[in-house]
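Everything below concerns the one structure shown next.
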């Protein structure tokens, strides 16, 4: 007898027969979960990418497989709730990514069984395509603005600006070694310089790029609440679309006061690994745009509930979508984007050709917009033989993060 079966009889004979992780690094390290069923050729794929701890996620996926083999794949709500609660200690990016891979794969199977894309399972589209923002960066303000012009020429009208500076700790743009030669740590990152030069970047950008482009900026969690307020007020003349992650998640209880004092919309949440904490960001007035790494909170099932909460509170969504979101995770983001009036903006990433080869069906942006695949399920597959030719890489992020320090040598949030 399988102790993990529910107290009801499935309506048909379809069963989950296997759950396994697939780890590949055609660009950065990605984790995908494959769920097989008793129907030949019917399987689902889900995103479980936690690049920095991929081995732990893969082990968690292998553990939870015993809980769901033999279950009917249509019982998505019960399966995901059971997996979430059965570990007793809950949440965190490792367990939630493993759960996300399973959850998204079950939605993929459901779409394939019904012959429709996942977005139709969520109520169908409310827009024709999803606008994206991309990242413009450079070692100097001139280089950043030149990059932004190039993106505008490609049709993008939402652009995040980041400029490098002294030290190795600059985020989203190249840094320079030896920026503070007389300091204990010459390669340090200085918050006071950052607060001084960032408004200058946006003053130049607004003057040269014009009024029609929407400008964004990512602080990457490095400011105190007071510093965050000062930065946002200094950026008011340049009409930013949002400022992202102005304070660390440890200080999210202070985000309501930052948001209340800020003339610039606040986006935050990508480092959260809890649905309840994500909901509190919305209900307690901490964000204008909820910005989550969907696989880190457990997948599509909890994300669609948080999306409904955003609809009811006037909050918008801005899902995390860089290189370390797999094409399956991108498809989940787009399914949410296409089906809610709470949509704000979608972070974009232009995958290299090798990712499209490993993940056939991966959508490509065009003229600043992107559409999800319109084929059943996610509409994206994985070539496992080709994926195996791109083994995972460890410590790529850590090699940078451990060197993000202030000039006095103190470790800084990466």
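Highest mean packing comes first when the peptides 279-291, 187-199 are listed by Cβ atoms within 10 Å, giving 279-291, 187-199. Label positions at residue 59 and residue 226, each projected 7 Å from the Cα along the C-beta direction, are separated by 4.3 nm. Compared with the dominant principal axis of the Cα atoms in the chain, helix 327-338 is inclined by about 80°.
Which residues does a label at residue 207 reach in the range 139-157, if reach means a backbone N under 19 Å from a point 7 Å past the Cα toward the Cβ? Label zone hits: 140-149.
Taking Cα pairs under 8 Å and at least six residues apart, what relative contact order does the chain come out at, in percent? Computed over the chain, the figure is 21 percent. Remark: the residue 2-residue 157 segment gains 50.4 nm on full extension, using 0.36 nm per residue and subtracting the alpha carbon distance. Between the alpha-carbon centres of the range 258-289 and the range 329-405 there is a gap of 24 Å.
Per residue, what volume in Å³ does the convex hull of the Cα atoms of the chain enclose?
Normalising the Cα hull of the chain by residue number yields 140 Å³.
Only helices enter the 222 nm calculation for the chain: every DSSP H run of n ≥ 4 contributes -39,500 (n - 2.57), and dividing by all residues gives -11000 deg cm²/dmol, rounded to 500.
For the peptides 395-404, 297-306, 125-134, 148-157, residues were scored by their other Cβ atoms within 10 Å and the scores averaged per peptide; the highest-first order is 297-306, 125-134, 148-157, 395-404. A simple packing score, the average count of other Cβ atoms within 10 Å per residue, orders the peptides 73-84, 331-342 as 331-342, 73-84, with the highest score first. Both radii were evaluated on the Cα set of the range 213-320; the Rg over Rh quotient, with Rh as the Kirkwood radius, amounts to 0.95.
Projected label points at residue 17 and residue 311, each 7 Å from Cα along the beta carbon direction, are separated by 3.7 nanometres. Distance between the 7 Å Cα→Cβ label points at residue 253 and residue 398: 3.1 nm.
Each part gets one Cα centre, and for the range 295-328 versus the range 40-108 those centres are 17 Å apart.
In nm, what is the difference between 0.36 nm times the number of residues separating residue 357 and residue 385 and their Cα-Cα distance? Let's see the in-between values first.
Numbers: separation 28, 0.36 × 28 = 10.08 nm, distance 1.10 nm.
Taking residue 357 through residue 385 to full extension adds about 9.0 nm, to one decimal.
Can you tell me what share of the DSSP beta bridges in the range 121-375 is antiparallel? A percent to the nearest 5 is fine. Can you show the working numbers first?
Numbers: 4 of 25 bridges.
So the antiparallel bridges amount to about 15 percent of the total.
Potential lengthening of the chain between residue 366 and residue 139 amounts to 79.0 nm, from the contour at 0.36 nm per residue minus the alpha-carbon distance.
Readers should treat all values here as calculations from the given coordinates under stated rules, not as data from a laboratory. Just so it is clear, the structure is predicted and the values come from calculations on it, not from any experiment. Positions of Cβ are generated from backbone atoms using ideal geometry, with glycine treated the same way; all protein chains shown enter the neighbour counts.
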